Amino acid sequence: MKAIKARKIYTYGEKYIENGIILEENGKIIEIGTDIELPGDIEILDYSDKVIMPGLIDGHTHVGVWGDGESGGGFDGNEMSRVIAGDVHIIDSINIRQKSFQTALEGGVTCVQILPGSSNAIGGTACVSKTHGASLESMIINKDSGLKGATGENVKRRHGQLNNHGTVTRMGVASKIRQYFTDSKNYMEKVELATEKGETFKKELLYEAGVKVLKREMPFRVHAHRHDDIGTVIRICNEFNIDYSIEHCTEGHLIKELVGGQKATVMLGPGLTSSVKVESANYTDKNPKILSDAGAKVCLITDHPFLSLRYFIHYAGIVHREGLSFDDTLKSITINPAVALGVSHLVGSLEKGKDCDLVVLGGEPFTIEGRIEGTMVNGTCVWER
Amino acid sequence: MLLKNCNALVFDKSLKKYRFKIKDILIKNGKVAKIDDEITGDNLMTVIDMKGKYVTPGFVEPHCQVGLNEHGSGIMGKDVDESSEAVNLNCYALDAINMLEKGFEDFRASGITTAGIFPGNNNVIGGFGTVVKCCGSVVDQAVVKKNAGLKVSISNLSKKDSNIKNNAPITRMGITALLKQTIFSSIHDGTDDMKEVIEGKLPIVVYCQRHDDIMTAIRFSKEYNLDYKLVGLADYQTVKTEILKEDKSFVVGPIMRYGDSEETRNRDVYTVLDEADMGSLGSLTTEHPVINGRYIGLQGGIAVQNGLDYYKALECLTINPARFLNIDDQVGSLEVGKDGDIVVWSGLPLEPLTKVEMTFINGDIVFDGGVL
């Protein structure tokens, strides 16, 4: 058991307590407030001149599966041998000794969703992991957190132009996605019928993930930058009546009524980079503000390593500068992604019963003074500046 | 035009450092005509009250590809690396700069008024760079310095495009061999610009990241008495004694960019910079579009978070890059006689939440974020 003291503790979005205390035991918050009686011999971490906020959560990263400055052979994010790779699971590509996990801690990021890349129309199953732990199994808090899909340039380039896999055009990409869910549906019905009759059947790994999505046990998480690609994602997902999140949603601000009207979960970013690609030409730091106002559920993302997790909080600062309220900006890097990833019962805010994942800042968030000074995962200090 | 009550970044002669002080600034014929505690304007003059605003000289981006590597246009808008040859002595960035590209708009809105634009890093010799003001539609009218030096790249990148075609260079020693032969050939039948390079009148601007490449750049330049400047410098910490000994301008960055390749893996923000390191010679770059120039101020703020003195960070974005490009007599500080390149900030510059409210180039308002 230990007590963590701070000048100010942001608990949930912009809600805070001053001169607060967090009581931690076995990695969980067992009490949080100002008037807490402490046992005499308890270990005290004193941050009385500092600010604490919940550990940051990035809902779209490639931590541990991308090259990331290390020698070749480390690119395990895209199973590019096929345009439909519903059979692969990102868990089998993650290298927890790769330095991006350390980078995450330096950026105050305690929880990430790790997704396959966007070269494939169907990229494989994603998972949600803490950024520190002894083994991958002990770090994962949602093993099947979504099925990655992709539209637009990346699929066209990889499977249309470089290989002739039937995705030369946008309509070709959409047809592949539709075919996958149609096949998954047929498979699901076949399995149900066989189960009913007590007959044996051959399991098809390719469609197992599709069935999970169709049963709404996990969402379809689709890479879409351009407004028409976003429209295609919404159209197909509504056709199959499945849950979805729109990854990047760069031109969402151009069709805010559609995206907002759907109350869609949008994973916006990466920021602080450049729009060299055609499909990201209309990138604006105002997108989160516009889509939040329109009714979408806004989460910010780094797409690490495309923006380093070290600068996640700086990206959020710019988004706040460009109009998203302080409360919504803090939520967009903590509780909103926790909800979107199905892990809000564990993380995303500092509340009794939740995991003790937090960041220590030198001052207020989004200021030079408020640099990240330390990071705690499951009640353990895992990084200090 | 008269700017009243600016909290202006000016040189404090007693401290020998830049500090913010309340000043009035008079701009005439595109130049800074007077800076004083109180200047009285006449009736014909446009007067803007800058009370509560911070005012700095326009930022100088020393090494970037704005206008060459076009925003949102894919391969057809990418005029960075000629790559048909490993050595491109007849290429001039000047011939590929699209002044109407959105990058320039972003630069103006972020306080960058001058840009050093150089060919990319994928060829051993990419061609000659140029310096422009970030406004207007005709590059020839925007030019500050037509020839800013010969771009050289000693890196994994300069092997990359050749490797695909199995042409030289395949190795690091192959890179240097090409450079040496280029000098030999140019002594006999080089262009006028190459003659200037050989005579040390025009610098080579060398992209190098790894410690051994940095040392190769220094060794090669000294062997042939070339003037040189280094950019990139991921392994700065490893060989900084050697770099600083040479007393040459250099550019570090972009520090916000993660070490995304093997040779830039030490681009570690925590060990890079302190005040003594940067001195009067070190500059910061976004290497736009590697990091969009839009975030030049934020990157400065991050350098401060990681230990760089605040005012030194401002120097690394203004006067030091002006020295790097040899235009410090014209831009880089608020000083009488220099160009009227001025940025007005909503709060303390480099703070993540501070916005650019107004940008002037040569005394003209080129960006107005809603102040007027």
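Just checking, does region A:352-361 include any residue being of a type outside the set (D, E), within 12 Å of another protein chain (Cβ to nearest Cβ), buried (at least 24 other Cβ atoms within 10 Å of the Cβ) and in contact (Cβ under 8 Å) with a residue 60 or more places away in the chain? Yes, the conditions are met somewhere in region A:352-361. Confirm whether A:G342 is modelled with pLDDT of 95 or more, more than 18 Å from A:G13 (Cβ to Cβ) and under 19 Å from the mean Cα position of the chain (by Cα). In short, yes. Search region B:307-332 for residues being in a loop (DSSP other than H, G, I, E, B), free of Cβ contacts under 8 Å to residues at least 40 places away in the same chain and open to solvent by 10 Å² or more (accessible area, probe 1.4 Å), and hand back the single one that is farthest from B:S249 (Cα to Cα). Checking each candidate, the answer is B:G307. Of the residues examined, B:G52 is one that is more than 14 Å from chain A (Cβ to nearest Cβ) and either in contact with a strand residue (DSSP E or B) (Cβ under 7 Å, 6 or more places away or on another chain) or touching a residue at least 40 places away in the same chain (Cβ under 8 Å) (or both).
Taking region B:259-272 as the search range and keeping residues that are open to solvent by less than 20 Å² (accessible area, probe 1.4 Å) and closer than 26 Å to B:I319 by Cα, which one is modelled with the lowest pLDDT?
B:V269
Tallying residues that are open to solvent by 10 Å² or more (accessible area, probe 1.4 Å) and either among the acidic types (D, E) or in a loop (DSSP other than H, G, I, E, B) (or both) within region A:252-268 yields 3. Looking at A:G20, A:G108, which one is in contact with a Ser or Thr (Cβ under 8 Å, 6 or more places away or on another chain) and within 20 Å of A:W383 (Cβ to Cβ)? Step by step, each of A:G20, A:G108 is checked, and only A:G108 is in contact with a Ser or Thr (Cβ under 8 Å, 6 or more places away or on another chain) and within 20 Å of A:W383 (Cβ to Cβ). Only one entry of A:I52, A:I30 meets the criterion of being in a strand (DSSP E or B) and surrounded by fewer than 18 Cβ atoms within 10 Å (Cβ to Cβ), and that entry is A:I30.
Within region A:70-113, being of a type in the set (G, A, S) and either without any contact (Cβ under 8 Å) to a residue 24 or more places away in the chain or within 12 Å of another protein chain (Cβ to nearest Cβ) (or both) holds for A:S71, A:G72, A:G73, A:G74, A:S81, A:S100, A:A104, A:G107.
Counting the residues of region A:12-24 that are open to solvent by 70 Å² or more (accessible area, probe 1.4 Å) and more than 22 Å from A:K331 (Cβ to Cβ) gives 1. Just wondering, is there one or more residues in region A:149-159 that are open to solvent by less than 10 Å² (accessible area, probe 1.4 Å), within 30 Å of A:K203 (Cβ to Cβ) and charged (D, E, K, R)? No, region A:149-159 contains no residue that is open to solvent by less than 10 Å² (accessible area, probe 1.4 Å), within 30 Å of A:K203 (Cβ to Cβ) and charged (D, E, K, R). The residues of region B:55-79 that are buried (at least 20 other Cβ atoms within 10 Å of the Cβ), part of a loop (DSSP other than H, G, I, E, B) and within 11 Å of chain A (Cβ to nearest Cβ), listed by number, are B:Q65, B:V66, B:E70, B:H71. Among the strands (runs of 3 or more DSSP E) confined to region B:98-179, the ones with at least 3 residues that are open to solvent by 40 Å² or more (accessible area, probe 1.4 Å) and in contact (Cβ under 8 Å) with a residue 12 or more places away in the chain are located at B:143-153. Evaluated against (1) assigned to a helix (DSSP H, G or I); (2) within 12 Å of chain B (Cβ to nearest Cβ); (3) among the small types (G, A, S); (4) open to solvent by 10 Å² or more (accessible area, probe 1.4 Å), A:S292 falls short on exactly one condition, (2). On the stretch given as region B:1-50, residues that are open to solvent by 70 Å² or more (accessible area, probe 1.4 Å) and on the phi > 0 side of the Ramachandran plot total 2.
The values are calculated or read from the model by the stated rules, or taken from the named source; none is laboratory data. As the structure is a prediction and not an experimental result, all values here were calculated from the model. Glycine gets a Cβ as well: all are built from the backbone with ideal geometry, and neighbour counts include every protein chain shown. Quick note on the areas: whole protein, heavy atoms, side chains included, nothing else; ligands and nucleic acids left out. Shrake-Rupley method; radii C 1.70, N 1.55, O 1.52, S 1.80 Å.
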